[in-house]
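> Take a look at the following structure, please.
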Amino acid sequence: AAATDLHEAALAALIERVDTHGETTRWGFPSPMAWLRTRLGMREARAKERLSLARQHQRLPITVERHTSGTLSYGYAATVAGAVTRLSDEDCAAAEEILLDLADQGLSPGRVAAFGERITDLIAEHNGTERPDEDSRRGYQRSWIDSTRSLDGGRFIKGWLNAEDAATWDTALATLAKPAGADDCRDLAERTAAALTTVLAGGHQAAKVTVIVDLDTLTGG
């Protein structure tokens with residue numbers, strides 16, 4: 001197991017150099033992911049995890065040093081890298097300290113990953129700068145959507161819709177998000193994402209909303 005961890009550390013360094021210098025393009029691959037899948041025979045999830053670790057090398061000096069020296073397993077190193085992907089450099093340093101401390105306390109990589117999902121709250125607690133969550137700060141009068149691009153070209157989406165906009169959402173997506181048939185193995189979240197992209201691509205134009213008001217409101221009384 002220790003030898004495997006050292007191999008993973010060397011592999012991460014290789015992937016970082018290949019990715020940084022754009023070698024995959026010279027070799028005829030459209031992306032580092034394609035190279036990892038084709039030439040190194042990795043499955044999608046394994047390739048993503050290793051590319052994520054390689055791309056965070058410069059921002060996680062302590063993690064990389066410990067991983068390379070054999071004092072930190074690949075599981076912990078990959079978990080820390082995955083947790084800091086969307087953080088600023090300053091928050092990344094704080095997150096690395098927090099997550100490595102949890103690992104040193106004996107928490108499993110799975111438990112550390114669970115803390116990594118709420119790392120911004122842990123950083124605020126660590127720095128003594130706790131603040132209300134983003135939903136509370138925004139209030140619930142106006143709809144909002146926050147979108148952040150990930151390193152692999154994807155996009156994280158988070159938001160809240162007020163009642164009127166939620167009605168539009170339900171009307172536009174409810175039918176499209178139904179299972180396509182008995183063989184449709186997608187869950188509701190996956191079907192909703194597919195329905196939303198269909199609407200955004202102009203494939204569904206029949207959204208309608210019914211608004212019920214009293215007469216005084218309708219006539220401006």
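The values are calculated or read from the model by the stated rules, or taken from the named source; none is laboratory data. Treat the numbers as computed from the prediction; the structure is a model and nothing was measured. Here the Cβ positions follow ideal geometry from the backbone for every residue, glycine too, while neighbour counts run over all protein chains shown. Protein only, heavy atoms only, side chains kept; ligands, DNA and RNA dropped before computing areas. Shrake-Rupley method; radii C 1.70, N 1.55, O 1.52, S 1.80 Å.
> Roughly how many Å is it from the Cα centre of region 153-203 to that of region 54-121, as a whole number?
Centre-to-centre (Cα) distance: 33 Å.
> So how much slack lies between Arg43 and His21, counting 0.36 nm per residue of separation and subtracting their Cα-Cα distance, in nm?
Full extension of this stretch gives 5.6 nm more.
> Based on the Cβ-Cβ distance from Thr168 to Thr120, what FRET efficiency comes out when R0 is 41 Å, to the nearest 0.05? Please list the in-between numbers first.
Numbers: r = 30 Å, r/R0 = 0.74.
Once the sixth-power term is evaluated, E becomes 0.85.
> Under 37 °C and 0.692 mPa s, how fast does region 1-118 diffuse according to Stokes-Einstein, given a Kirkwood radius computed over C-alpha pairs? Answer in µm²/s, whole number. Don't skip to the answer; put the middle values down first.
Values: Rh = 14.5 Å.
In µm²/s, the coefficient is 226.
> Next question, about the same structure. Give me the percent of the accessible area of the chain that comes from carbon and sulfur atoms, probe 1.4 Å, all protein chains in place. Walk me through the numbers before you get to the answer.
Details: 7540 of 14310 Å².
So the carbon and sulfur contribution to the accessible surface is 53 percent.
> Kindly provide the helix-only [θ] at 222 nm of the chain, computed as the sum of -39,500 (n - 2.57) over DSSP H runs of four or more divided by all residues, to the nearest 500 deg cm²/dmol?
-17000 deg cm²/dmol
> How many Å² of accessible area per residue for region 1-85, probe 1.4 Å? Mind dumping the intermediate values first?
On the way: 4440 Å² over 85 residues.
Result: 52 Å² of accessible area for each residue.
> Using only the alpha carbons, work out the radius of gyration and Dmax of region 1-61 in angstrom.
Both quantities, over Cα of region 1-61: 11.4, 34 Å.
> Would you be so kind as to identify all helices of the chain, as entire DSSP H runs, whose Cα atoms reach 30 Å or more along the helix's own axis and whose mean Kyte-Doolittle hydropathy is at least -0.5?
Span-like helices here: none at all.
> Return, ordered by residue number, the residues of region 151-177 whose backbone nitrogen is under 17 Å from a label point located 7 Å along Cα→Cβ of Thr217.
Correct set: 162-168.
> For the chain, report the convex hull volume of the alpha-carbon atoms normalised per residue, in Å³, without decimals.
204
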